[in-house]
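Have a look at the structure below before the remarks.
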Amino acid sequence: MQRQPEKLSGPGNDHVQAKLERRRARRASLFEPQMLRVACWQAVLMLQPRVMARNPVMFITEIGAALTTLVLVTEMFANRETLAYTLAVTMILWLTVLFANFAEALAESRGKAQADTLKRTRRSTHARRVVNGGEEKISSDELREGDVVLVAAGEVIPSDGEVVEGAASVDESAITGESAPVVREAGGDRSGVTGGTRVLSDQLRIRITAGAGESFLDRMIALVEGAERQKTPNELALTVTLAGLTLAFLMVTGALWPIGRYFGVNLPIPTLIALLICLIPTTIGALLAAIGLAGMDRALSANVLAKSGKAVELAGDIDTLLLDKTGTITMGDRQATAYFPLPGVTGEQLAEAAMRASFGDQTPEGKSIVRLGEKTLGPEAPSETPQARIIAFTAQTRLSGLDLPDGNSYRKGAADAVQAYVKEHGSPIPPALQGLVESVARQGSTPIVVAENQNLLGVVALSDVLKPGIRDRFDRLRAMGLRVIMVTGDNPLTAAAIAEQAGVDDYIAEARPEDKLEYIRREQRAGRLIAMMGDGTNDAPALAQADIGIAMNSGTQAAKEAGNMVDLDSDPTKLIEVIEIGKQLLMTRGALTTFSIANDVAKYFAIVPAMFMLAIPQLAALNIMGLATPGSAIISALIFNAIIIPLLIPIAIKGVRYRPMGADSILRRNLLIYGLGGLLAPFAGIKLIDLALSLMGIF
Amino acid sequence: MSIFFITLMLGGAALLSWPLGQAMTWAMSPPRQQEGFRFRIEKVLQRLGGKIIIAEQNWKQYVLALLLFNSVMFAVVFAVLALQPLLPLNPDARGAIEPSLIFHTVASFTANTNLQHYAGELTMSYFSQLFGLMWLQFVSAATGIAALTALARGLSGSSGLGNFYNDLLRATLLILLPLATTGAAILVLGGVVMTLDGAALATTIEGANQTIARGPVAAFVAIKQLGTNGGGFFGANSTHPFENPTFLTNVVECMFIMLVPMACVWMFGRLTGRLRHAAVIFLVMGALLAVKVGFANYLESAPSAAFTGLPVAAAANLEGKELRFGTAAGPTWGVLTTATSNGSVNCMHDSLNPLTGLIALTGMWFNVSFGGVGVGMINMFLYIIVGVFISGMMVGRTPEYLGRKVETREMKFALLAILVHPLLILGGTALFAATPWGAATVQDQGFHGFSEILYEFSSAAANNGSGFEGLGDNTAAWNVATAIVMLLGRFLPIILPLAIAGSLAAKKPAPATAGTLRTDTPLFGLVILGSVVFIGALLFLPVAVLGPIAEHLASGG
């Protein structure tokens, strides 16, 4: 069976556009009513301390809320005049906790919604399991790793597996959204099949590699749903940092009570708790889990299955990219572009001979030589002779051509192969040939040598065309500090030329899988983090060695097991997207942390004068926002502190705006927006809330 | 005039710190070749130290050696002070010292704090001053330099942090001793007293008999200023005409305060091979210091609030100043001494205008505008780690410092080390303000009294040692509490950073790319400045408001 061209080997821009559209459509809008309802309910369920304890900042907030509730109850019996104030503080504190839970629940439900679209492919089907030569019908849920099943045309593949026998076209649209069927066959690099996809032709014998509930998809679903979520290293470090800050502010507010005694002030517990909750980083504490979940969610909606959250986070640290030349940097099909005749040979002679030699060649390269010949020679172009004997291309001879009935023979092929052929027939090798071959190779093209009747005529250049815009893209990557390494099977001369044209930093020419592995190890020894993409079994060691190894879904099971991500689209440029997702994830965390801490200044100015205003009236001078009363100042700060959480949910879930820039420019930008913005925004926000409260006549 | 001298002092110290940094790097690094001057010196050190100084130590061994040495020193000096009546060099026959005061004093000098709840000329014999206290002034400063050296070695990736005993010898004999000897000579030339004779007896013009205390002052003052110790030979510290007789000695002593802490930044840069990074840190510290000096002089140029409405000519706040130095000398020294964890004084801090007092407090809260010898830079390292962590995420990478990833373990240690400081200050202040331990010992009620308590704990925790005064602080409660605060405030922020260094050293460094946060740019300076100011402001704003700011507002300022 003929191998179909790999579906992404030549994606034009519209192709990519279409895919992005599809992906967008699959993505739920931020606040979908259905999700909101689920998230609201979930937010309440998550109030139980066992769940809250995972998040120290919000746990302290919940304890604070519980304490003010106790104060509220005692005040109800004592009938104090502060009842309304305490009630307000209590309500806002509980609301703060609920908002935080809501943020996490919303991110989780979005993950679930993503997962559900994938899960639809997971419905249990029948499977024909091979037992002792015969076959038995069982449910796909009962499949175990290592089982062998038969899947014929029209049937659904019951679980992830590897083709052990046969070849078939498979419709994978359920997973990738791609309508064109792809070929899956035993032995090669296209042997991996995914559960839930449909065989369109022929029959496959498949060895199941993942039992029910263990496939990549299942694992990924668990990750985005939050059930199995483990904190990633950076998330853990940030949690520790936030816990430290919380502890610090616990000390600050804790010390205020005895200090108040020195001044003869008895600070009310709800006020102290209000100050504490305003100071501890509740904003980032509330959104931290949502940010992490949203990162996984973004990876999933880019059709990438990550084996862990850690991998997505690590992607942001990558500093070297190993990209295959063909299909990633270049369009992947080489085209004849120019003639280089030897001295004494005309271009027309060479064009005619090259055309004749390629008549029997059905490869894209061969066809392109015929096309170029027709263009060059116009009406003079020769036509095919039916009686000609076609010499087909083989990997051993590495040349092709044809013998005409009139005795003329034409050959074309790799430089050394054609020279050997000519030498065999006793003809001389013109000394100019070597120079021609090398100059063509140096330009990044593949030299094809043409001979007519054992006489060498010249060289046809086959060039690989760069993908449009690839250079700009690499420039952007370089601005972000990434090095791009091109991996190619071409000879060093060609590789160097293409590397130059594409603007990559380095290349591995005549690359064998072990070269890749060696390169990765060398870079890692220098402290670099490497990402690569691969599909074949022989890529597996390199995929495993790389810090981020993305296996193509079309690839072999070995490759998928070795990498730490699987790209369902099998799109080689996906690496870049994954890195951006990782960077965005970290940036969002940093930006919201900065924002959260910067907010504290304004809150201090609202609360500290308010706390001591009665005992120390001179502190009114610090009430620079001109807040109406001490009560409204504290309540306003607390309200701001609470509503900023839902207001920032969109940023947490979508991530801060990402631009490919150098570290310093990104930092300057984010410091300006989230640092300075975080410093100023609450002054305005608290003042507005205070105005609204006093207009309404509350406090 | 005063601006000219202030600029001259700050600029002069900054200029001198550059060659001193070079010399300190030379002294603290092992000899590069197996020959030459430095190698011969190393041989001498090895003969002095014996086998113990040769073995390379990992961070745990280094910390252990540091603690062990300091414990031994603590015990030895404790014995010296306790046995004072039996020991020689006691021409004025100073008697036994109260035990809680001994505990406090030894803790204070071991911790490079030199908070003094006694007056040297009345309590200590020359032997106690020289072989108890001055000895500690040397080795506690050397401990700081050694710790910074070890930190720098860890950050440049070596898993062995060196050998503490060796570093201690190098810092003491190759840096502090020559420096202090030169310093003492300059001071003697300037008129500072240096004698082993007992107190002089004089008859005044009115015929009264006067006992004038004296002693080996110049030697003591030189290391007191250079080693950010701050403990005076006399109770009056550098306001005393025998410690600081003239305008000129005042300028020299001011420069001594800053010299070594400044040079420590350059040494850090050289040892880590990041001189540009060190320059950014130096500028940030320098900017903080310059702003504080400027504000203090401005605020102190207004008369004390007590003068408002009185028919007197408007002048700067002259209360508690030594006018022989000029009016600017008080606030300038006050800022320098609190910003560097030195703690010597040349004016009465209790008499500073409230907001000037706040600037002194701020210096001790931040404790990084050059900070103590060695430890100032170590403190800055902690702020850098926090700053790097948060801004590092903002550039979209796992935060890293000098190529090594900052993760959970590092953050845990860094935050603990940073939190020790506010815990000791706020906790101590809260405890003493709410109980008679503190509330009954203050001279003034209300805001100023609160500031007195706050200042004492800030000074102890920052290992500063200056006193706001106005506090009856030689009580068992104050002695024990501040002694504990000083020891914790000294050693935890040395141990934890070394633990971080050990942990970072074990990581593989990543080469810098355009995507890495650069540590040698003005932007990075802004990041660490922000991290110092934000952490400081957020932790201490409430107490600042209740003490100096409320006092300022209440006095109609």
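Taken together, the values in this text are just the output of simple stated rules run on the coordinates, not laboratory data. Since the model is a prediction, treat every value here as computed from it, not as a measurement. Cβ coordinates were reconstructed from backbone atoms using ideal geometry, including for glycine residues, and neighbour counts include every protein chain displayed.
Taking the Cα atoms only, what angle lies between the long axis of helix A:432-442 and the longest principal axis of chain A, rounded to 10 degrees?
The answer is roughly 20 degrees.
Counting only other chains, what is the mean number of Cβ atoms within 10 angstrom of the Cβ of each residue in peptide A:238-250?
On the way: counts 6, 2, 9, 9, 2, 3, 8, 7, 0, 5, 10, 3, 0.
Mean shielding by partner chains, rounded to a whole number: 5.
Using the crude model of +1 on Lys and Arg Cβ and -1 on Asp and Glu Cβ, and no other charge, please compute the dipole size for the stretch B:2-258 relative to its Cα centre, in debye to 20. Don't skip to the end; give the middle numbers.
On the way: 12 positive and 11 negative charges, 190 e Å.
Using only the charged Cβ atoms, the result is roughly 920 debye.
Compute the distance in nm between two label points, each set 7 Å from the Cα along the Cα-to-Cβ direction, one at B:Ala287 and one at A:Cys40.
The answer from the label model is 4.9 nm.
Using the Karplus curve 6.51 cos²θ - 1.76 cosθ + 1.60 with θ = phi - 60°, what ³J(HN,Hα) values do you get for each residue of the stretch A:64-75, in whole Hz, with x for Gly and Pro?
Karplus-based 3J(HN,Hα) across the stretch A:64-75 equals x, 4, 5, 4, 5, 4, 4, 4, 4, 4, 5, 5 Hz.
With everything on Cα atoms, drop me the angle between helix A:33-45 and the longest principal axis of chain A, reported from 0 to 90° to the nearest 10.
That works out to roughly 50 degrees.
What Kirkwood hydrodynamic radius do you get for chain B when you take the inverse of the mean 1/r over all pairs of distinct Cα atoms, in Å? Let's see the in-between values first.
Values: mean 1/r = 0.0422 Å⁻¹.
It works out to 23.7 Å.
Just to verify a number: FRET efficiency for A:Glu348 and A:Arg128, C-beta to C-beta distance, R0 = 51 Å, to 0.05? Present the calculation step by step, with values, prior to reporting the outcome.
Working: r = 62 Å, r/R0 = 1.21.
Calculated transfer efficiency: 0.25.
Sequence gap at least 6, Cα distance under 8 Å: using those rules, report the relative contact order of chain A to the nearest whole percent. Don't skip to the end; give the middle numbers.
Details: 1328 pairs, mean separation 99.4, N = 699.
Computed value for chain A: 14 percent relative contact order.
If each of A:Asp141 and B:Ala313 carries a label point 7 Å out from its Cα toward its Cβ, how far apart are those two points in nm?
The answer from the label model is 10.0 nm.
Just tell me how shielded A:585-596 is by partners: mean number of partner chain Cβ atoms within 10 Å of each residue's Cβ, no decimals.
On the way: counts 2, 8, 5, 3, 4, 10, 3, 2, 5, 6, 0, 0.
Mean shielding count: 4.
How far, in nm, would the chain grow between B:Ala279 and B:Leu64 when pulled straight, counting 0.36 nm per residue and subtracting the alpha carbon separation? If you can, show how the numbers build up before the last one.
Numbers: separation 215, 0.36 × 215 = 77.40 nm, distance 3.17 nm.
That pair, B:Ala279 and B:Leu64, stretches by 74.2 nm at full extension.
Hey, what do the phi angles of the stretch B:144-149 turn into as Karplus ³J(HN,Hα) couplings, whole Hz, using 6.51/-1.76/1.60 and θ = phi - 60°, x for Gly and Pro?
Computed from phi, the couplings for the stretch B:144-149 are x, 5, 4, 4, 5, 4 Hz.
Against the longest principal axis of chain A, how steep is helix A:216-225, in degrees 0 to 90 to the nearest 10, with axes from Cα atoms?
Its long axis makes an angle of about 20 degrees.
Gain in length, B:Lys508 to B:Ser555, computed as 0.36 nm per residue apart minus the alpha-carbon separation, to one decimal in nm? Mind dumping the intermediate values first?
Values: separation 47, 0.36 × 47 = 16.92 nm, distance 5.76 nm.
Extra length available between B:Lys508 and B:Ser555 comes to 11.2 nm.
Please give the FRET efficiency for B:Ala440 paired with B:Glu98, using the beta carbon to beta carbon distance and R0 = 22 Å, rounded to the nearest 0.05.
On the way: r = 19 Å, r/R0 = 0.85.
Once the sixth-power term is evaluated, E becomes 0.70.
Relative contact order for chain B using alpha-carbon pairs under 8 Å, separation at least 6, rounded to a whole percent?
Values: 1011 pairs, mean separation 103.1, N = 557.
After rounding, I find 19 percent.
Order of A:558-567, B:504-513 by packing, highest average Cβ count within 10 Å first? Could you put the intermediate results ahead of the total?
Numbers: A:558-567: 25.1, B:504-513: 17.2.
Answer by packing, highest mean first, reads A:558-567, B:504-513.
Can you tell me the convex hull volume per residue for the stretch B:2-258, based on C-alpha atoms, in Å³ to the nearest whole number? Walk me through the numbers on the way to the answer.
Numbers: hull volume 39.0 nm³, N = 257.
Once divided by residue count, the hull of the stretch B:2-258 is 152 Å³.
I'd like the trypsin sites (Lys or Arg not before Pro) in the stretch A:640-698 restricted to DSSP loop residues with at most 16 other Cβ atoms within 10 Å, sorted by number.
On the way: sites: A:Lys654, A:Arg657, A:Arg668, A:Arg669, A:Lys687; in loops: A:Arg657.
Answer by residue number: A:Arg657.
In what sequence, highest mean first, do A:627-636, A:199-208 appear when ranked by Cβ atoms within 10 angstrom? Walk me through the numbers before you get to the answer.
On the way: A:627-636: 23.3, A:199-208: 20.2.
Listed from highest to lowest mean packing, they are A:627-636, A:199-208.
For the stretch B:396-478, just run the numbers: alpha carbon Rg, then divide by 2.2 N^0.38 Å, N being how many residues it has.
Working: Rg = 17.9 Å, N = 83, 2.2 N^0.38 = 11.8 Å.
Relative to the 2.2 N^0.38 Å estimate, the stretch B:396-478 comes out at 1.52.
Work out from phi, with θ = phi - 60° and the Karplus expression 6.51 cos²θ - 1.76 cosθ + 1.60, the ³J(HN,Hα) of each residue of the stretch B:248-256, listed in order in whole Hz, and give x for Gly and Pro.
Listing the rounded values in order: 5, 5, 5, 4, 4, 5, 4, 5, 4 Hz.
Each label point is 7 Å from the Cα along the Cα-to-Cβ direction; what then is the distance between the points at A:Ser173 and B:Arg324, in nm?
Output for this residue pair reads 9.9 nm.
Could you grab the relative contact order for the stretch B:2-258? Cα pairs under 8 Å, six or more apart, rounded to a whole percent. Provide the component values of the computation, followed by the final result.
Details: 347 pairs, mean separation 55.6, N = 257.
Relative contact order of the stretch B:2-258: 22 percent.
Once R0 is set to 41 Å, what does the formula 1/(1 + (r/R0)^6) return for the Cβ-Cβ distance between A:Glu32 and A:Ala78, expressed as a FRET efficiency to the nearest 0.05? Don't skip to the end; give the middle numbers.
Working: r = 46 Å, r/R0 = 1.13.
After rounding to 0.05, the efficiency reads 0.35.
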